[in-house]
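Trainee: One structure, as structure tokens, below. Some questions next.
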Amino acid sequence: MYYVDGAWYKPDEPAIFPEDRGYQFGDGIYEVVRIYNGRFYQWDEHMLRLERSAKELSLTIPTRTELTEIAHKVLGQYSLQFSEDAILYMQITRGVSERQFTFPSNTRPILTMYAVPKLRPIQQMQNGLRAGLVDDIRWLRCDIKSLNLLGATWAKQQATEQGVDEAILHRNGTITEATSANLFAVKDGKIHTHPATNLILHGITRQTVIQLAKNLDIPVVEEAFSVNFAQLADELFITGTTSEITPIIELQGTPVGDGKVGTIVQRLQKAFEEHIAIDRNSITK
Ligand code: PDD
């Protein structure tokens, strides 16, 4: 069942409002939260980011308590039908209003939430992906998790047309991130990733991986790096809620390092696996 603005719908039942600003302007925000073993993973971190996105866009959203309560109802509905690992999709738009560019003052936010099965990408995490380089033509507030995803979908489409699995984005030769994941490069035992500026989404998995690397005494450098640096990296990998930690073994037709899944990414994957397991037991909201 899909929760839309206070009511429940089946997937094939219409529940949209034609003048919802989410449809007309992409005027809204979203989060994708992992459900492992029937429990939300890193719920508070996602709520915090949602609240930040809302604040940046002067968007009024339901309270964290309200959102958490509804999320549990969604999870309850999901669990009646499925037992697989899943994702919760949550979107909040500025609401319904006669079409106008300025933010209307009297709208009510429209909340949509649902959970669908999503298996962990085991195969990809073990074998790695092939990626291509694509121009990052997105807007300059990629730190806001907004519904405007055309830049990302377009990039992913270009990658698909190039015959590869993922797009690595760059702005004038400086690597930013992937289409729906952050990017890390390993060089001489250190891991490098773009700093958490306006040019990337501040990934929750990115932050977890930085912490796990520090725990493993792997130095982390949060500095922008070039396409050339990425092409000479020993290892590349992406991180995200659905991709977890997935190696990139080929970039623009050239093997990354020796073309095999590297040892640092494997150490991080192992640490992440343990982190998920701990979180599964400790967070039972
Ligand atoms: N995407 N960068 C971008 C552009 C993203 O869209 C995402 C997440 C990430 C990773 O963030 P996190 O680790 O917090 O999931 C980085 C979600 C999963 C999506 O749009 O499906």
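The values are calculated or read from the model by the stated rules, or taken from the named source; none is laboratory data. Note that this is a predicted model, so its numbers are computed, not measured. Cβ atoms come from the backbone with ideal geometry, glycine included; neighbour counts cover every protein chain shown. For accessibility, only protein heavy atoms count, side chains too; no ligands or nucleic acids. Shrake-Rupley method; radii C 1.70, N 1.55, O 1.52, S 1.80 Å.
Trainee: Within region 88-187, report the GluC sites (Glu not before Pro) that DSSP leaves as loop and that have at most 16 other Cβ atoms within 10 Å. List each step's numbers first, then the result.
Mentor: Details: sites: Glu98, Glu161, Glu166, Glu177; in loops: Glu98.
When the GluC sites (Glu not before Pro) of region 88-187 are filtered for loop state and at most 16 Cβ neighbours within 10 Å, Glu98 remain.
Trainee: Sticking with this structure for a sec: First check a/c for region 158-220, with a ≥ b ≥ c the square roots of the eigenvalues of its C-alpha gyration tensor; if it is under 1.5, answer rounded, and if not, answer prolate when a/b is larger than b/c or oblate otherwise. It would help to have the intermediate numbers written out before the result.
Mentor: Working: a/c = 1.97, a/b = 1.77, b/c = 1.12.
It is prolate, given that a/c is not under 1.5 and a/b is the larger ratio.
Trainee: Further, regarding this structure: Given the C-alpha centroids of region 194-266 and region 62-111, what is the distance between them in whole angstrom?
Mentor: Using only Cα atoms to place each centre, the spacing works out to 31 Å.
Trainee: Take Ile16, Ile29 and sort them by solvent-accessible surface of the protein heavy atoms, 1.4 Å probe, largest at the top.
Mentor: Putting Ile16, Ile29 in descending order of accessible area: Ile16, Ile29.
Trainee: Whole-Hz Karplus ³J(HN,Hα) for region 105-119, in order, using 6.51 cos²θ - 1.76 cosθ + 1.60 and θ = phi - 60°, x for Gly and Pro?
Mentor: Computed from phi, the couplings for region 105-119 are 8, 10, 8, 10, x, 9, 9, 10, 8, 7, 10, 9, x, 8, 6 Hz.
Trainee: Sequence-distant or interchain residues sharing an amide H contact under 5 Å with Val221, placed H: which?
Mentor: Under 5 Å from the amide H of Val221: Ile191, His192, Thr193.
Trainee: Another question, if that's okay. Quickly estimate the mean residue ellipticity at 222 nm for the chain, helices only: each DSSP H run with n ≥ 4 gives -39500 (n - 2.57), and the total goes over all residues, rounded to 500. Walk me through the intermediate numbers first.
Mentor: On the way: 8 runs with 92 residues, N = 285.
Computed mean residue ellipticity for the chain: -10000 deg cm²/dmol.
Trainee: Long-range amide H contacts for Asp143: which residues qualify at under 5 Å (H placed 1.01 Å from N, peptide plane, sequence gap of 5 or more or a different chain)?
Mentor: Ile200
Trainee: Next question. Please list, in order along region 161-172, the HN-Hα scalar couplings obtained from phi with the Karplus expression 6.51 cos²θ - 1.76 cosθ + 1.60 (θ = phi - 60°), rounded to whole Hz, x for Gly and Pro.
Mentor: 5, 6, x, 10, 8, 8, 9, 9, 8, 9, 10, 6
Trainee: Could you state how much accessible area Arg120 has, in square angstrom rounded to the nearest 10, with a 1.4 Å probe and all protein chains kept in place?
Mentor: Counting only protein heavy atoms, Arg120 exposes about 40 Å² to solvent.
Trainee: Right, something else. Rounding to the nearest 10 and keeping the result within 0 to 90°, find how far the Cα-based axis of helix 64-81 lies from the longest principal axis of the chain.
Mentor: Result, in degrees: 80.
Trainee: If I stretch the segment between Ile278 and Gln158 completely, what's the gain in nm (0.36 nm per residue apart, minus their alpha carbon distance), one decimal?
Mentor: Difference between extended and current length: 39.4 nm.
Trainee: How do Thr65, Thr254, Thr176, Thr241 rank by accessible surface area computed with a 1.4 Å probe, from largest to smallest? It would help to have the intermediate numbers written out before the result.
Mentor: Values: Thr65 100, Thr254 75, Thr176 5, Thr241 30 Å².
Reading off the accessible areas and sorting them downward yields Thr65, Thr254, Thr241, Thr176.
Trainee: Please work out whether region 89-214 counts as rounded, prolate or oblate from its C-alpha gyration tensor, where a ≥ b ≥ c are the square roots of the eigenvalues and a/c under 1.5 means rounded, while otherwise a/b larger than b/c means prolate and anything else oblate?
Mentor: Values: a/c = 1.77, a/b = 1.68, b/c = 1.05.
Taking the square roots of the gyration eigenvalues as a ≥ b ≥ c, region 89-214 is prolate.
Trainee: Moving on to the next point. At most 15 other Cβ atoms within 10 Å plus a DSSP loop assignment makes a site exposed; report the longest stretch of the chain without any exposed chymotrypsin sites (Phe, Trp or Tyr not before Pro). It would help to have the intermediate numbers written out before the result.
Mentor: On the way: sites that count: Phe82, Phe101, Trp139.
Excluding the exposed sites themselves, the longest stretch runs over 140-285.
Trainee: Follow-up question, since we're still on this one. Leaving out ligands, DNA and RNA, and with a 1.4 Å probe, what % of the accessible surface on the chain is carbon or sulfur? If you can, show how the numbers build up before the last one.
Mentor: Working: 7140 of 13860 Å².
Answer for the chain: carbon and sulfur cover 52 percent of the accessible area.
Trainee: Then there is this: How much area per residue is accessible in the chain when the probe is 1.4 Å and only protein heavy atoms are counted (Å²)?
Mentor: Values: 13860 Å² over 285 residues.
Solvent-accessible surface per residue comes out at 49 Å².
Trainee: Sorted by accessible area with a 1.4 angstrom probe, largest first, how do Lys118, Lys260 fall? Provide the component values of the computation, followed by the final result.
Mentor: Values: Lys118 85, Lys260 140 Å².
Of Lys118, Lys260, the descending order of accessible area is Lys260, Lys118.
Trainee: Identify all lysines with a Cα-Cα distance to Lys10 below 22 Å; exclude those on the same chain that are fewer than 8 residues away in sequence.
Mentor: Those lysines meeting the cut-off are Lys73, Lys118.
Trainee: For Ile248, what residues show an amide H to amide H distance below 5 Å, using hydrogens built from the backbone and excluding near sequence neighbours?
Mentor: Leu129, Leu236, Phe237, Ile238
Trainee: Ok, one more. Per the Kirkwood definition applied to all pairs of different Cα atoms, how many angstroms is the hydrodynamic radius of the chain? All intermediate terms of the calculation are to be shown ahead of the outcome.
Mentor: Values: mean 1/r = 0.0504 Å⁻¹.
Value: 19.9 Å, from the Cα pair sum.
Trainee: Another one. Rounded to the nearest 5, what % of DSSP beta bridges with both residues in region 123-277 are antiparallel?
Mentor: Working: 20 of 30 bridges.
The answer is about 65 percent antiparallel.
Trainee: To continue, here is another question. Please sort by residue number the trypsin sites (Lys or Arg not before Pro) in region 127-160 whose DSSP state is loop and whose Cβ has at most 10 other Cβ atoms within 10 Å.
Mentor: Listed in order of number, the matching sites amount to none.
Trainee: Mind listing which GluC sites (Glu not before Pro) in region 195-245 are in a DSSP loop and have 11 or fewer other Cβ atoms within 10 Å? Write out the running numbers ahead of the final one.
Mentor: Values: sites: Glu222, Glu223, Glu235, Glu244; in loops: Glu222, Glu223.
Loop-located and lightly packed - Glu223.
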